[in-house]
Amino acid sequence: MAKRNNFKILEIFNPSDSVFILGFILGLIVAIFFNVIEIRIIGGSVAILAALRIVMIVKERSSYIPDTKRIPVEKKNFAVTQITDKKATRVVIEDFGKQFEEESDEKEKKIPFDEKFIDKFSIFTKKVEAPKAPPKEEPTEIEFSDPEGGVNIKIRKIKKEVVNPPVEELIEKTEIPAIQEQPIESIETIETPSPTVVPDLDEEFVQDEIFEDALISNQIEEPIQEIETPINETIAPSPFKPKQLDFDMSLLIEDEQLSSGEPKKEFEFFIQRILKIIRSVTSTRTASFLLVNQEKAEMVLIACVTDQPDAITKQKKLPISNDIASQIITNQKPEILSDINPSAELDLIPYYTRSVGTNSFIGVPVFFGNTVTALICADTNTNDAYDVITVGFLGHFTKLVSSLMQSYTEKFELVQAEKSLIATKEFRNAVSGTDMDAAEIFKLAISNISKIVDYTTIGIVAYDENQQKWMIKALMSKKPNETYDNFEVDLNNSLIKNTITLCKQESSVIEDNNIIRINHTEPFIEKGYFISVPIKSFKNNFGALYLENRNTTSYSNNDLLLLGDIADTAGIAIEQLVYNTLVNNQPMMETNTGILNSVAFNGRLDEELSKSNDFNTPLSLLMFKVDNYSAINNQLFQANYDPINQHVINIIERFVKKYDIIGHIDESTFAIALLGMTLQNANNWARRLRSEIASSSIVLNNRRFNVTISGGLAEYKKSLSTETLVHNTKMVLEIAAQKGNNIKTFN
């Protein structure tokens, strides 16, 4: 700790004091240089009186100059080791951790009273005997009468014994001034002790406010008048002389608003205030706070208060190397540097980019548990500015910072947990409130995760029924130039394979370009973090949700819980979607139309194709759609979709044979398997059907309309697969639907 700085003499004197200084100088000149003895005596007297006044001014005003550089802390007996080399004089505090153990187990120490203080103010600190049980309180009445004024007052007095010392020594006995005689219309309360009773502060009077026999000469009601009895008190003069201070009110008013709801900003706010306190109390030019990341072996400059801002590094992350801050972190002991060699300044102090003439440095570690998690540093251009008292002073701040770190870590986790809960709840409400397919569920899951978790790429892997492969089905990336279209998953060597095959969470720190995350054709990353969680229900695994981040090597527990919750919710939603599809397709016949649903139709079509292949019988497949013309606007068409379809199906049932198969392919496409018909015969039959439907009419909203169909025909060839036949028929159906009221054949 730096020694107390001597005050400047010019800061004590005011311009008005120049009279005494001038008098002293003139008196001294007269006493020395004048020859007349009487004048010399007068000059000497003036000089002596002026000098006495100057001494009194210095003594009086210097007592009010605060010592802003002295720290009122107890001096701890640290064990220190001093090392001197070419770079600086280094003092290592060996037992800092023991000196600043938690004080919760220590007994509270009593602060002894200063006997001189007690003697000086003994008038307020007389010894008091132990209180005795108060005697039974008996009320007494005192009666005052004034026949001339027409007033008769009764006051009920209860005397309560107290143990306070008598105050005759403090308050002089005074006579109560007489009340002027005047008519009194109403009196509520008059506190007037008996003339024979001396006022005693040890007595408490309780008045029952009983006023009887009030004789009022004038019956007009007026406001109540209170008559107070003044008591002259002798107040001891204060031993202190007040001092009026003139300072800037901005020191007491906070301009910067504390950011609520952001634990990181709140923590930085309080750290800034702590550093400002350190600067204002100690001889410090720069006070800084560095967080320690042991995993990455680096220090993070969180806050810095300095009068050399242009010399502070703009780089927030500083590697742990051979500088003094790194050595304090490694050794876990506070250190003090003095006599710093200018050539070694930048090697010792990591946060400066140029030499600023540092002569003294101190660094104290902040412990969280048994690990150094942060560092408080201070430096100045004054030599020998810090000592063990400064270590003790900063030690109290390290304990405060440790408590703040614990508090704001818990608050940060609570905030993150709240955000995760909200995101999970919104996702659950979204997937359960509307009918969604798997692709929409995947996109919604990725969108919710991207709002909470930092990422580079988020993707979902699921099984593709058409390609019979595990592929990326949804993706969101901050690298738009990196494409993942039609991306197949490598189930042999990738990181995500265990999530898909074993339904287990997988996480890995990526430090090697040879690591395959999804597939060997993916974009390589030099460093980052990869995590994948299964999209599962209670019994089934539907894929995996994965996340890549190239800016970090770890995620918090709340982030992992968020990914798991959203993945589980997506898995349950997809399972519900699958079960709904099974339930809807379980009945072979549709209840509203009376024809086969798509599952039943495809099953029957497979049977008939096998029969046609074995017995070499012809089979043709007709697919058709109802045309939506402008005469029937889209809104009207959608509202009457079922009646229109039923009208078409009723006509078709009159044309087909009992063994022909009628069913749904999808929501808007119908199909008829014409057994025993060649393509030519089926084409003629389909055209007659089209004409019959076009010539019929249907009534919608009291208006009569005609509807038409467009169809596509394809004939089954031997050894042709069901998928190929359906594909060929759909292709010509789309061509016919573009023209409307048309039939096309596949040749």
Considering only region 488-504, how many residues are buried (at least 17 other Cβ atoms within 10 Å of the Cβ), in contact with a strand residue (DSSP E or B) (Cβ under 7 Å, 6 or more places away or on another chain) and not in a helix (DSSP H, G or I)?
-> 3
For region 443-461, name all the residues that are surrounded by 14 or more Cβ atoms within 10 Å (Cβ to Cβ) and in contact with a helix residue (DSSP H, G or I) (Cβ under 7 Å, 6 or more places away or on another chain).
-> L444, A445, N448, I449, I452, V453, I458, I460, V461
Out of I531, I525, I515, which single residue is aliphatic (A, V, I, L, M) and either surrounded by fewer than 17 Cβ atoms within 10 Å (Cβ to Cβ) or assigned by TED's automatic domain parsing to the domain that holds N293 (or both)?
-> I515
Residues in region 599-624 that are aromatic (F, W, Y) and without any contact (Cβ under 8 Å) to a residue 60 or more places away in the chain total 1
Whichever residue in region 472-487 is of a type outside the set (A, V, I, L, M, F, W, C) and surrounded by 16 or more Cβ atoms within 10 Å (Cβ to Cβ) and, among such residues, is nearest to F530 (Cα to Cα) = S477
For region 328-348, name all the residues that are among the small types (G, A, S) and in a helix (DSSP H, G or I).
-> S343, A344
For region 293-322 the number of residues that are of a type in the set (A, V, I, L, M, F, W, C) and either closer than 30 Å to V509 by Cα or in a loop (DSSP other than H, G, I, E, B) (or both) is 8
For region 729-740, does any single residue satisfy the condition of being in contact (Cβ under 8 Å) with a residue 60 or more places away in the chain and of a type in the set (G, A, S)?
-> yes
Residue, farthest from S668 (Cα to Cα), within region 701-719, restricted to residues that are surrounded by 10 or more Cβ atoms within 10 Å (Cβ to Cβ) and without any contact (Cβ under 8 Å) to a residue 24 or more places away in the chain | K717
Tell me which of these A325 doesn't satisfy, since it passes every other one: (1) within 17 Å of T382 (Cα to Cα); (2) part of a helix (DSSP H, G or I); (3) touching a Phe, Trp or Tyr at 6+ places or on another chain (Cβ under 9 Å).
-> (1)
In the set I37, I42, which member is exposed (fewer than 12 other Cβ atoms within 10 Å of the Cβ), farther than 30 Å from P334 by Cα, at pLDDT 80 or above and outside the structural domain of E345 (by TED's automatic domain parsing)?
-> I37
Being closer than 17 Å to T398 by Cβ and out of contact with any Cys (no Cβ under 9 Å at 6 or more places or on another chain) is the filter here, so list the residues in region 277-299 that pass it.
-> I277, I278, R279, V281, T282, T284, L291, V292, M299
Scan region 352-365 for residues that are in contact with a strand residue (DSSP E or B) (Cβ under 8 Å, 6 or more places away or on another chain) and either of a type outside the set (A, V, I, L, M, F, W, C) or more than 25 Å from A311 (Cα to Cα) (or both) and report the count.
-> 7
In region 486-522, how many are among the basic types (K, R) and without any contact (Cβ under 8 Å) to a residue 24 or more places away in the chain?
-> 1
Out of all the residues in region 600-618, which are under 25 Å from D666 (Cβ atoms) and of a type in the set (S, T, N, Q)?
-> N602, S610, S612
Per-region count, region 349-374, residues buried (at least 22 other Cβ atoms within 10 Å of the Cβ), out of contact with any Phe, Trp or Tyr (no Cβ under 7 Å at 6 or more places or on another chain) and in a strand (DSSP E or B) = 5
With respect to A544, determine if the residue is modelled with pLDDT of 85 or more, touching a Pro at 6+ places or on another chain (Cβ under 6 Å) and hydrophobic (A, V, I, L, M, F, W, C).
-> yes
Please find, within region 49-107, the residue that is nearest to L337 (Cα to Cα) out of those that are modelled with pLDDT of 80 or more and hydroxyl-bearing (S, T, Y).
-> T89
If only one of D568, D559 is of a type in the set (D, E, K, R), in a helix (DSSP H, G or I) and at pLDDT below 85, which one is it?
-> D559
State which residue pairs qualify: first residue within 10 Å of T569 (Cβ to Cβ) and basic (K, R) and inside region 420-434, second residue at pLDDT 75 or above and buried (at least 17 other Cβ atoms within 10 Å of the Cβ) in any location, beta carbons under 7 Å apart, and separation of 6 or more residues or different chains.
-> R428/T569
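The values are calculated or read from the model by the stated rules, or taken from the named source; none is laboratory data. Values in this document were obtained by computation on a predicted structure and should not be read as measured data. Here Cβ is always computed from backbone atoms with ideal geometry, including for glycine, and neighbour counts include all displayed protein chains.
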